[in-house]
Amino acid sequence: MKRTTSRKYVLTKRLDNYFYGVNNAYLFTADFFKQALRRPFHFKELVNQCYEIGLRALPLITLTGFIIGIVFTKQSRPSLEDFGATSWLPSLLGIAIVKALGPLVTALICSGKVGSGIGAELGSMKVTEQIDAMEVSAINPFKYLVVTRVLATTITIPILSFYCSVVALIGSYINVHSEENTSFVIFFKNAFSTINFLDLWTAVAKAVVFGFTIGIIGCYKGFNATQGTSGVGKAANEAVVMSMFIIFVEEIVIVQISNWIRTF
Amino acid sequence: METLHVIDYNETVISIKDLYKSFGDLHVLKGVSLDLHKGENIVVLGKSGTGKSVLIKIISGLLKPDKGEVIVLGKKVDELKRKELNELRLHIGFSFQNSALYDSMNVRRNLEFPLMMNYPKLTKKEVDAAVEEVIEAVGLKNKLKEMPASLSGGQRKRIGIARTLILKPKIMLYDEPTAGLDPITCTEINQLINEVQEKYNTSSIIITHDLTCAKATGDKVAILIDGQFAKAGKFDEVFNSNNELIKEFYNYNFIQ
Ligand SMILES: Nc1ncnc2c1ncn2[C@@H]1O[C@H](COP(=O)(O)OP(=O)(O)O)[C@@H](O)[C@H]1O
Ligand SMILES: [Mg+2]
């Protein structure tokens, strides 16, 4: 092999690869927006994916939501009791669950359950040349596989996180009811009393962004899987790690923005 | 071998001139030229890792060449827009080395899928008729409901070929059609390749490192050594040559 006289890397090998990766991920995301708006739309596959994703995550979200509701209530009660303020419990729970816990917990569960699933599925399609097979039979694999999955997570995860919040509040209600005999209606009225329009929209926006993140990262990692079967496991694993990290960053940014809007 | 098909030497369906392709420092193809005529079967032989798969991936537009000209059915592959490329691809059947069947779909869905995606206006009746025809052509009528995972290697190959036939290709590209199969199944696949050629009137490039397959299916063989075709011509012609590398290849295959 010939040696090249020019420098091989702009910075160092690792940094070059890092920025190369960032650029690729950016192009992948840009491609999504370009192709999502163009015909043909695979509605059937989209519905199918929404159903799959919902079904895959539902049991775990139900369980986790319910337990979080109960545990969080049990843990908050003593602190409020010290001030004789247990009647505030429903409002506190409403804020904590609807604004913060619901979307975040759902996103974390889904990046583990759904994101890794997408990464592994597309990764194995990539290494066994199924994606190439689509391409050579004149089917656009990006449209059929990526666009449908990313839209599906973007639609499904907000619904799941609303569901998670409701289940968590039911968990809390069971605990509150057993102690204070609060009625179901009053509990929910109190829980939502301190939540305003902006809070609700922040929660929805967060869930939409999280959903998009999980879908696009799972697809990106899967589509770029290499090195035979070990690449599939790597793709799934990296999809989880990377989407969790980005979700935390997004959480902070969105909360900041929402607080900033509130000051007006 | 007795050829039952007619080769039209006036019509070239694939024309490759001085093709180069490297991956970083790895120079895989170094000036490959090839002409495939209408109705002809060319076998490309070569050790693994010599760039045989890369060659047909360039023909189908999956990889871009660094230099050189690739003309398929009168179109320059690397200069086509996505839409034009897809139109061309409808005429090219690609049989993958490991069959690349869609794992999540049963055999019937695998066969229907390319047809329904490309021609959404077809009625269910028309699609069913097309499926019926190709599954019969590969002789696996009773497997339509099965999932790819439950098929044997030879059966997967057949379904993979059927899946490309459903689009009625003019050109077939076979990537190692007999690799990893037992000798009897190999013979059956060779037979299938010849049947497909007669029935669908295709021109084919068959990649292999199996000389029995080459002899059974090829009108012409070309040997890829070190990024270039060492020799091309009729089977006996090529293997009677004095080139050491070709002799080595021949002996190795038959001693095995
Ligand atoms: N997409 C790719 N990126 C980098 N290297 C590749 C790629 N595809 C093939 N290669 C390399 O090119 C060489 C030829 O590969 P291939 O055409 O698959 O060989 P074969 O003749 O066995 O089919 C191999 O060394 C392979 O590692
Ligand atoms: Mg190969």
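In whole angstrom, how far apart do the alpha carbon centroids of segment B:145-159 and segment B:128-144 sit? About 13 Å separates the Cα centre of segment B:145-159 from the one of segment B:128-144.
Checking every one of the chymotrypsin sites (Phe, Trp or Tyr not before Pro) in segment A:50-110 against DSSP loop status and a limit of 12 other Cβ atoms within 10 Å picks out A:83. With the helix formula -39500 (n - 2.57) applied to DSSP H stretches of n ≥ 4, the protein assembly as shown reaches a computed 222 nm mean residue ellipticity of -19000 deg cm²/dmol. Set the bar at 26 Å for Cα to Cα. Now go through B:21/B:47; A:126/B:83; B:83/B:145; A:221/B:17; A:8/B:75 and name every pair that lies beyond it. Checking Cα-Cα distances, B:83/B:145; A:221/B:17; A:8/B:75 exceed 26 Å. Residues B:217, A:202, ranked from the fewest to the most other C-beta atoms within 10 Å, line up as A:202, B:217.
The charge dipole of chain B, taken about its Cα centre with unit charges on the Cβ atoms of Lys, Arg (+1), Asp and Glu (-1) only, comes to about 880 debye.
Can you sort A:250, B:87 from fewest to most other Cβ atoms within 10 Å of each residue's own Cβ? By the 10 Å Cβ count, ascending, the order reads B:87, A:250.
On a C-alpha basis, how far is the centre of segment A:58-107 from the centre of segment A:143-209 in Å? Whole number, if you could? Each part reduced to its Cα centre gives a spacing of 12 Å. Within straight-line reach of residue B:141, meaning a Cα separation under 22 Å, sit the following lysines at least 8 residues removed in sequence or on another chain: B:124, B:125, B:157, B:168, B:199.
For peptide A:134-146, the mean count of partner chain Cβ atoms within 10 Å of a residue's Cβ comes to 6.
Rounded to 0.05, the FRET efficiency of the residue B:125 and residue B:79 pair, given R0 = 45 Å and the Cβ-Cβ distance, is 0.70. The slack in the chain from residue A:25 to residue A:204, taken as 0.36 nm per residue of separation less the alpha-carbon distance, amounts to 62.0 nm. Beta bridges per DSSP, both residues in the protein assembly as shown: antiparallel share near 55 percent. For chain A, hydrophobic long helices are taken as DSSP H runs at least 27 Å long by C-alpha position along their axis with mean Kyte-Doolittle hydropathy of 1.0 or more; these are A:197-223. Shielding value for B:85-97 is 3, the average number of Cβ atoms from other chains within 10 Å of each residue's Cβ.
Sites listed here are trypsin sites (Lys or Arg not before Pro) in segment A:52-118 whose DSSP assignment is loop and whose Cβ has at most 10 other Cβ atoms within 10 Å, and the list is empty. Overall, the protein assembly as shown carries a charge dipole of about 960 debye about its Cα centre when +1 sits on the Cβ of Lys and Arg and -1 on the Cβ of Asp and Glu, all other atoms neutral. Of A:164, B:186, the sequence from fewest to most neighbouring Cβ atoms within 10 angstrom is B:186, A:164. In a DSSP loop and with at most 15 other Cβ atoms within 10 Å, there are no chymotrypsin sites (Phe, Trp or Tyr not before Pro) in segment B:44-139. For the residues of B:48-60, the average number of beta carbons from a partner chain within 10 Å of their own beta carbon is 1. Please list, in order, the residues from segment A:231-264 whose amide nitrogen is less than 20 Å from a point placed 7 Å along the Cα→Cβ vector of residue A:71. It comes to A:244-245, A:248, nothing else. Taking the DSSP bridge list for chain B and keeping only pairs wholly inside it, about 55 percent are antiparallel.
Since every read-out is calculated from the coordinates, none of them should be taken as a lab result. Treat the numbers as computed from the prediction; the structure is a model and nothing was measured. Please note: Cβ atoms are built from the backbone with ideal geometry, for glycine as well, and neighbour counts cover all protein chains shown.
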